[in-house]
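Colleague: Let me begin by handing over the structure; questions about it come next.
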Amino acid sequence: MHHVEQAVEYLHSRRQALIDSWLELVRVPSVSAQSEHAGDMVVAAHWLEQRLARAGFDCQVYETAGHPAVLARRCELPGATTVLIYGHYDVQPPGDQGLWDSPPFEPTVREGAVFGRGAADDKGQLLTAVAAVEAWHAVAGALPVNVKFLLEGEEEIGSLHLPALIEAHQDDLACDVVLICDTAAFKPGVPAITYGTKGLVYKEVTLIGPDRDLHSGSFGGTVANPANVLAELIASLKDASGRVTIPGFYDDVQSLSDPERKSLAALGFDEVAYLARLGSPALTGEAGYTTLERRWARPTLDVNGLSAGYQGQGASTIIPARASAKISMRLVPQQDPEAVSASFDRLVRQICGDRVRAQIAEHGLCRAYMAPLDSPWMTAARRALAAGFGREPVLIREGGTLPILPAFKEMLGADCLLLGYCRPDCNAHGPNEFFHIEDFVAGAVTGVRLLAELVGPAGST
Ligand SMILES: [Zn+2]
């Protein structure tokens, strides 16, 4: 029997042990946001280090200024493909424990799924890749390609120290392609490859008028009201067709190709169900695009927070001294976040003129990412997923932002494969997070097959 089939069989034979170890890792409350869990972060990092060491990996746990990261390598094949598997062992805080049907850090199996904080995001999903290398190690005593792991403990708090770590270990992390299992399937039973994420520009605008709140009767109509100016500013950021009016905003936008529009349309996205799930009265957005295109492939602008003036009970007739808004823009490939940011600032200052003073702070700046659809890596991933799940994966994009993707591209020159196995409604970050055991096993089988499929591309790149 071929090693691939042996490795798949080995996975199935170890099913219960794999589930047990998955539960064990979920039991470690590695909440990166809360300092009382600093010790748990170290426990989780060493748990992974030891597990990979047993599978023949050369492992290091690197301290950072925050939580440690695990770097593991098994590179015995000169000239062969090297895949870097990125994941994170930190989890979101569990939130209100009363909303959980079983305690977040006492994982339980029910309805064919593991329930617990991190069951899917990302402990369960990253363990599919660990199970895959273990299976190869057990049946072949070797891996079909060179494999490295980079497992961090700060993803849920913004990967603060990851760029410096990658930079410091650029040679150790050198690779041909990055595998990330931290996204979701398209719907139950339909695995997905996410090939694009949006970029981000996040601004906070504070407009300052008089040096204190003024009586709106005595002084109204004589000096600018910062709240009125802010409303004017926000209203002018989009036109009636839903297009953003910041000069140059669309200049570099990579437009949707006809084949891509067709493939998005073919996903059979249910707009009625989507709207019902959101509870909003109607769907709306940039004219000329479908809901999926707006979500995944068109840039957007949204006010995230607003504050000005009197917010207490009853009336207080004032001209507020200041008004502020948090505004985010989600960018698509080829848009330059620096240019968008600078143009936004110029527009704000132009609209304000000398009526109010504008202070502009920046809370986020990141490029969009798009993986090439015609790469040999993509072909390998499609074949592995099709075999692992028994049906062709769909190719999707994501409206959210993953700063590590452009970082890997810039620092390591490698494209990312984002394979998602858990359900899109798996309650990641919310109460009752879960991951179906069948999807976990299919993900591990996909991992086994992907390592074999990646053998091919080495020669062709
Ligand atoms: Zn995650």
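The values are calculated or read from the model by the stated rules, or taken from the named source; none is laboratory data. As the structure is a prediction and not an experimental result, all values here were calculated from the model. With ideal geometry, Cβ positions are generated from the backbone for all residues, glycine too; neighbour counts draw on all protein chains shown. Surface accessibility is based on the protein's heavy atoms, side chains included, excluding ligands, DNA and RNA. Shrake-Rupley method; radii C 1.70, N 1.55, O 1.52, S 1.80 Å.
Colleague: With r as the distance between the Cβ atoms of E167 and Q34 and R0 = 30 Å, compute the FRET efficiency 1/(1 + (r/R0)^6) and round to 0.05. Please report the intermediate quantities before stating the final value.
Modeller: Details: r = 27 Å, r/R0 = 0.92.
Computed FRET efficiency for Q34 and E167 comes out at 0.65.
Colleague: Residue separation times 0.36 nm, minus the C-alpha to C-alpha distance between M411 and Q16: what's the value? Intermediate results must be reported in sequence, preceding the final value.
Modeller: Numbers: separation 395, 0.36 × 395 = 142.20 nm, distance 3.91 nm.
The M411-Q16 span can extend by a further 138.3 nm.
Colleague: In debye, nearest 20, what is the charge dipole magnitude of the chain about its Cα centre with +1 on Lys and Arg Cβ and -1 on Asp and Glu Cβ, if you could check?
Modeller: Values: 38 positive and 56 negative charges, 187 e Å.
Around 900 debye, computed over the chain.
Colleague: Going down the table (K123/K409; K148/K187; K238/K262; K148/K409; K148/K198; K123/K198), which pairs top 20 Å between alpha carbons? Walk me through the numbers before you get to the answer.
Modeller: Details: K123/K409 24 Å; K148/K187 30 Å; K238/K262 28 Å; K148/K409 16 Å; K148/K198 26 Å; K123/K198 24 Å.
Too far apart for the 20 Å limit: K123/K409; K148/K187; K238/K262; K148/K198; K123/K198.
Colleague: Per residue, how big is the convex hull around the C-alpha atoms of the chain? Give it to me in cubic angstrom, could you?
Modeller: Values: hull volume 79.0 nm³, N = 461.
Cα convex hull per residue, to the nearest whole number: 171 Å³.
Colleague: Next question, about the same structure. With all protein chains present, calculate the accessible area of D415 using a 1.4 Å probe and round the result to the nearest 10 Å².
Modeller: Solvent-accessible area, nearest 10 Å²: 30 Å².
Colleague: Considering only protein heavy atoms, what per residue accessible area in square angstrom results for the chain with a 1.4 angstrom probe?
Modeller: On the way: 19670 Å² over 461 residues.
Per residue, the chain has an accessible area of 43 Å².
Colleague: Just the isolated ones, please: cysteines in the chain lacking another cysteine beta carbon under 4.7 angstrom.
Modeller: Here C59, C75, C175, C181, C352, C366, C416 come out as lacking a disulfide-compatible partner, given the Cβ-Cβ threshold of under 4.7 Å.
Colleague: So what's the gap between the Cα centers of segment 194-227 and segment 349-415, to the nearest angstrom?
Modeller: Value for the Cα centre distance between the two parts: 30 Å.
Colleague: Using a 1.4 Å probe over the heavy atoms of the protein chains, calculate the carbon and sulfur portion of the accessible area of the chain as a whole percent. Write out the running numbers ahead of the final one.
Modeller: On the way: 9860 of 19670 Å².
The C+S portion of the solvent-accessible surface of the chain is 50 percent.
Colleague: With only Lys, Arg, Asp and Glu charged, each at its Cβ (+1 for the first two, -1 for the last two), find how big the charge dipole of segment 91-231 is about the Cα centre; round to the nearest 20 debye.
Modeller: Values: 8 positive and 19 negative charges, 92 e Å.
Taking the Cα centre of segment 91-231 as origin, the dipole is about 440 debye.
Colleague: Please figure out what share of the DSSP beta bridges in the chain is antiparallel and state it in percent, rounded to the nearest 5. Walk me through the intermediate numbers first.
Modeller: Numbers: 52 of 75 bridges.
Beta bridges within the chain, antiparallel portion: roughly 70 percent.
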